[in-house]
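Take a look at the structure below.
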Amino acid sequence: MQRVKLNRSVRMRAPSIGGMLRSQNDYSDHEIAAEAKSILGIGLFDLQTYSRNAKLNFSSIAKAVNHYIITGDKLRISPHALFDVFYYHDIYRDIEGSGMTALYHFIRHGAGENRNPHPLFDTAFVRAQLGDRTGDPLLAYEKAPRGSYQPHQSFDEQYVLNQISGADRSKKMTVLAQFLMNDAETWNPSSSFDMKSYRSINPDIRDLNSFYHYIRWGKNEGRLAVPVNRSISDVEKQIENAASLDPDIVPPHSNLYVLSRIEPLNNEKARSLLNGLIGRVGEEGVDCVFLAPSLNRGGAERVLINVISTFVERGLRVALLLTDARSKEPISWLPRDSNLTVFSFAEFADDLARQTVIQIVVNYLQVLRPKSIYVCNSAIGWALIERHGSALKLLFDIHVFAFCYDYDEHGRRGGYAWTHLGHIAHVVKSIITDNAITPSEISDDLSLDENERSKFVVLYQPADARLLKNWSNDLHTLDLRSKRRLVLWAGRFSRQKNVKLALEIASIAIDLDFVFAGISKDQCDAEGWFVPSNTTFLGEYDHFHDLPLHRVSAFLYTSLWDGLPNVIIEAGSAGLPIVAPNVGGVSDLIDNETGFLLSSSATANEFHKSLREAVTSGKDKSYALTEKIIARHSKNMFTETLLGSLASPAVEL
């Protein structure tokens, strides 16, 4: 759950490099004026609410609206008590490419499409009560007499009004807004939900409104919604007695208030998936379960395989679930060992709803009872923890990988570290990253508390011993008879890797030759990019040490964002001078002593200048880099950190 005090005060996330905030230069005055006019005209922007949430004083509502359009929406500052910007962006991901703020989108499209502005305001439900098919139900609700309509099926407005007395009853605001501002939580939303009981059995919700938490997350997590004295307190003893007789039903001494529900699986495809999981992976049990989307040739997959390989070498039984796979996966990087089982969802999950798949995995994990689970970029895995983590953490340790943010084509942050980590940090044992920069950035942006910050484990990836051996034996030599120097670029073909910039650098650096490994010329041609004559393409490769490193004078890195990329560790291990932008965790390894670190917005000309220096006088920096890698990225240090920080106490190592 997001660490914000919703509708009361928003803990603002700090802006970051890479286009987090849109500047006024990104808009024409006409665009700002048109959007501001629309927002001001509809009456859903409340100056007092926005000023309080932004912790700023505005001289006029017009200036506040301009601030929201240019900055506030990106910082998720809510402009209205019943318009939750965090929620709207999180639920309706399709608006990210529209260029609209959340409020403007709701005004222009969302209300008419029955999108909800707030978890506790069901637009379609209110519209049905109004009998109005075209208007804005939120505006109508605001203007209607208090108690006329229910904003949500689970919110009994008249019941709440009956609890409000005195001066509070005459306040000129909606009942729902007043309910959300009642910090003492002395009013219940209905006879079926007790605010204080919910908070007492769910202390992890902290400063969130209890009913908001239940509707937003708790219901899907299987948390109880009724007062304790009217739910299971009177049968708790009987349940405990039954558990002692048959622990397969409910484990003895279980916390009944957070125990996840197991739903019946009526779909044949769903039963087949569950049976496949149990039959294939659960015959002898496993110590660790890893959830990953697929196995591609990326840095995250390399980290995952390094961890799995180390566990398997130590005799642990490991199950790798490829939850988002849609085809047979390449597994050449994986160790071939009887202690490792790989299970792909490809043949089962195509026809199943995401929630069904999540429920199947929850059921499987409750039956299998591993010592720990690890989630790496799996949509199923992150959603599973968000919905059921409070119950599952009682059964096993939960670990997640968070290397860096992702960014879309407009420079807006995304990825699970941004969208999910703030909701689930309280239930995980550790947050694994590959660099020392990411923990501070994410902790500050998500306003994690000290306990949550302490869960970050920096797991530096081990260097390739074959590359280090070649370097130590001085096998890396340059053909000094050639006047031209060769620059290596290696990576995947993706927007993140910024191949277009690398080609622009090559087109300027006519005094150098460039070889691109991991991509093909056809991929660049398909994008319509200019490919200069001083470039050669090697296509995909299995291992960095297979590349013609003895001919290379420098390594070029151009990614827009990243953690601490494995390819930089590999290039440094091979003794190559490195030219790279200061993005993500790159500066954890590359600085002015160990390489050529440029700004995140460096131009092609600036890259060319540094490349020329690297190929002619970069030897000392490359030595310093390789020595740093030897000292910090050994296999022994990786194993020691992994087993010391992440292994469950119950696992014998």
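The values are calculated or read from the model by the stated rules, or taken from the named source; none is laboratory data. Note that the structure is predicted; figures quoted are calculated from it, not measured. Here the Cβ is made from the backbone with ideal geometry for all residues, glycine too, and neighbour counts use every protein chain on show.
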- Item | Matching residues in the range 151-166 - criterion: being more than 15 Å from Phe211 (Cα to Cα) and either modelled with pLDDT of 95 or more or not in a helix (DSSP H, G or I) (or both) | Ile164, Ser165
- Can you spot a residue in the range 374-381 that is part of a helix (DSSP H, G or I), out of contact with any strand residue (DSSP E or B) (no Cβ under 9 Å at 6 or more places or on another chain) and not basic (Lys, Arg)? yes
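Residue by residue, here is whether (1) in contact with a Ser or Thr (Cβ under 7 Å, 6 or more places away or on another chain); (2) modelled with pLDDT of 85 or more holds:
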site: Ile262; (1), (2): no, no
site: Cys288; (1), (2): yes, yes
site: Pro293; (1), (2): yes, yes
site: Asn296; (1), (2): no, no
site: Val307; (1), (2): no, yes
site: Thr310; (1), (2): yes, yes
site: Ala325; (1), (2): yes, no
- Query: Residues of the range 96-142 being part of a loop (DSSP other than H, G, I, E, B) and under 25 Å from the mean Cα position of the chain (by Cα), which ones?
  - Reply: Gly99, Met100, Thr101, Arg115, Asn116, Pro117, Pro119, Leu120
- Assess whether Ser600 counts as being closer than 13 Å to Ile568 by Cα and either crowded, with 18+ Cβ neighbours inside 10 Å or in contact with a strand residue (DSSP E or B) (Cβ under 6 Å, 6 or more places away or on another chain) (or both). no
- Message: With the structure loaded, tell me whether Phe516 is within 32 Å of the chain's Cα centre (by Cα) and not small (Gly, Ala, Ser) or whether it fails that test.
- Response: yes
- Task: Considering only residues that are in a loop (DSSP other than H, G, I, E, B) and in contact with a Ser or Thr (Cβ under 7 Å, 6 or more places away or on another chain), look in the range 174-205 and name the one that is farthest from Ile424 (Cα to Cα).
- Result: Pro189
- Tell me, yes or no, whether the range 558-572 has at least one residue that is part of a strand (DSSP E or B), among the hydroxyl-bearing types (Ser, Thr, Tyr) and either in contact with a Ser or Thr (Cβ under 6 Å, 6 or more places away or on another chain) or in the same structural domain as Leu486 (by TED's automatic domain parsing) (or both). no
- Item | Residue, farthest from Ala425 (Cα to Cα), within the range 390-407, restricted to residues that are in a strand (DSSP E or B) and out of contact with any Ser or Thr (no Cβ under 7 Å at 6 or more places or on another chain) | Tyr407
- Can you run down the residue pairs with Cβ atoms below 6 Å, 6 or more apart or on separate chains, where the first is in the range 124-136 and closer than 13 Å to Ala111 by Cα and the partner is part of a helix (DSSP H, G or I) and among the basic types (Lys, Arg)? none
- Note on the structure: With criteria (1) at positive phi; (2) assigned to a helix (DSSP H, G or I), Gly147 comes up short on (2)
- Would you point out which residue out of Ser78, Ser148 is under 29 Å from Asn188 (Cα atoms), surrounded by fewer than 18 Cβ atoms within 10 Å (Cβ to Cβ) and of a type in the set (Ser, Thr, Tyr)? Ser148
- Could you look through the range 18-63, keep only residues that are surrounded by fewer than 12 Cβ atoms within 10 Å (Cβ to Cβ) and assigned to a helix (DSSP H, G or I), and pick out the one that is modelled with the lowest pLDDT? Asn25
- Message: Cβ-Cβ distance below 7 Å, separation of 6 or more or different chains: which pairs start in the range 417-433 with a residue that is part of a strand (DSSP E or B) and end on one that is aromatic (Phe, Trp, Tyr)?
- Response: Ile431/Phe456; Ile432/Phe401; Thr433/Phe403; Thr433/Phe456
- Working only within the range 381-411, note down all residues that are under 20 Å from Asn582 (Cβ atoms) and in contact (Cβ under 8 Å) with a residue 60 or more places away in the chain. Phe403, Cys404, Tyr405, Asp406, Tyr407, Gly411
- Asp444: modelled with pLDDT of 90 or more, surrounded by fewer than 18 Cβ atoms within 10 Å (Cβ to Cβ) and within 18 Å of the chain's Cα centre (by Cα), yes or no? yes
- Of the residues in the range 603-620, those that are surrounded by 19 or more Cβ atoms within 10 Å (Cβ to Cβ) and outside any helix (DSSP H, G or I) number 1
